[in-house]
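Let me begin by presenting the structure, written as structure tokens, before commenting on it.
The values are calculated or read from the model by the stated rules, or taken from the named source; none is laboratory data. None of the values given here were measured: they were computed from a predicted structure. Using ideal geometry, Cβ is built from the backbone for each residue, glycine included, and neighbour counts are taken over all protein chains shown.
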Amino acid sequence: MVIYGAKEITARAQARDLLAQAAREVWGLSELPEIARQGGGKPFFPAYEELQFNLSHSGELALCVLDHTPVGVDIQIVKEWRASLPQRVCSAQEMAWLEEQPCRWPAFTQLWALKECRVKESGTGLTGLIRGISVPLPAETSVRLDGLWFRSYTGPGWAAAVCGRSQPPEGIIWRDL
């Protein structure tokens with residue numbers, strides 16, 4: 001698994017530019033193959049189903065993850081969410097952890113990114129009861145849960161997470177677009 005990131009993006013299409021650059025560097029693909037969507041909306045390459053990827057963007061940031069097994073990635077700008085949202089989407093264990101955190105919204109954003117990357121890995125999307133989406137609590141290292149590896153990443157004003165069957169890398173490879 002490898003994760004690429006870009007900062008200062010100005011258009012959503014630049015996430016695909018990041019994917020094209022990563023696919024060229026990692027898989028040697030000179031051109032980005034046609035992208036289709038599965039039933040749940042997960043993107044894939046019909047001509048290269050063995051090459052798995054996922055994309056996320058928020059504000060001026062984009063991430064892309066590549067692997068040979070299903071993967072999910074999410075990045076979120078830290079913001080003040082609706083006050084009622086954590087209670088609606090967090091399990092009792094997640095709420096207890098969240099209430100112990102000195103900074104509520106960065107911590108909540110990490111949990112949200114973990115939940116998003118898990119549903120993106122599975123291809124199901126955010127359906128059903130969001131508090132029932134099982135993820136590990138944010139940690140400084142990779143964590144294994146239900147046969148999947150998770151890892152959280154943070155930076156100034158953002159939080160991100162990745163999920164897949166391969167152990168995630170410690171860092172993100174940042175590129176200029």
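Looking across region 1-44, just one residue is touching a helix residue (DSSP H, G or I) at 6+ places or on another chain (Cβ under 7 Å) and aromatic (Phe, Trp, Tyr), and that is TYR4.
Return a yes/no flag: does region 116-127 have any residue that is out of contact with any strand residue (DSSP E or B) (no Cβ under 6 Å at 6 or more places or on another chain), among the basic types (Lys, Arg) and surrounded by 15 or more Cβ atoms within 10 Å (Cβ to Cβ). Looking for residues that are out of contact with any strand residue (DSSP E or B) (no Cβ under 6 Å at 6 or more places or on another chain), among the basic types (Lys, Arg) and surrounded by 15 or more Cβ atoms within 10 Å (Cβ to Cβ), one finds none in region 116-127, hence no. Residues in region 1-15 that are touching a residue at least 24 places away in the same chain (Cβ under 8 Å), hydrophobic (A, V, I, L, M, F, W, C) and not in a helix (DSSP H, G or I): 5 in all. Residues in region 140-153 that are at pLDDT 95 or above and either surrounded by fewer than 16 Cβ atoms within 10 Å (Cβ to Cβ) or not in a strand (DSSP E or B) (or both): THR141, SER142, ARG144, LEU145, ASP146, GLY147. Restricting attention to region 46-66, the residues being closer than 22 Å to TRP158 by Cβ and either within 8 Å of the chain's Cα centre (by Cα) or of a type outside the set (Phe, Trp, Tyr) (or both) number 13. Residue count for region 52-67, restricted to those that are charged (D, E, K, R) and out of contact with any Gly (no Cβ under 6 Å at 6 or more places or on another chain): 1. Per the listing LEU51, LEU18, LEU32, the residue uniquely free of Cβ contacts under 8 Å to residues at least 60 places away in the same chain and within 21 Å of ARG151 (Cα to Cα) is LEU51. Residues that are surrounded by 15 or more Cβ atoms within 10 Å (Cβ to Cβ) and either among the hydroxyl-bearing types (Ser, Thr, Tyr) or within 18 Å of the chain's Cα centre (by Cα) (or both) within region 22-40 comprise ALA22, ALA23, listed in sequence order.
With respect to VAL135, is the statement that it is modelled with pLDDT of 95 or more, over 12 Å from the mean Cα position of the chain (by Cα), of a type in the set (Val, Ile, Thr) and not in a helix (DSSP H, G or I) true? Considered against the rule, which asks whether it is modelled with pLDDT of 95 or more, over 12 Å from the mean Cα position of the chain (by Cα), of a type in the set (Val, Ile, Thr) and not in a helix (DSSP H, G or I), VAL135 comes out as yes.
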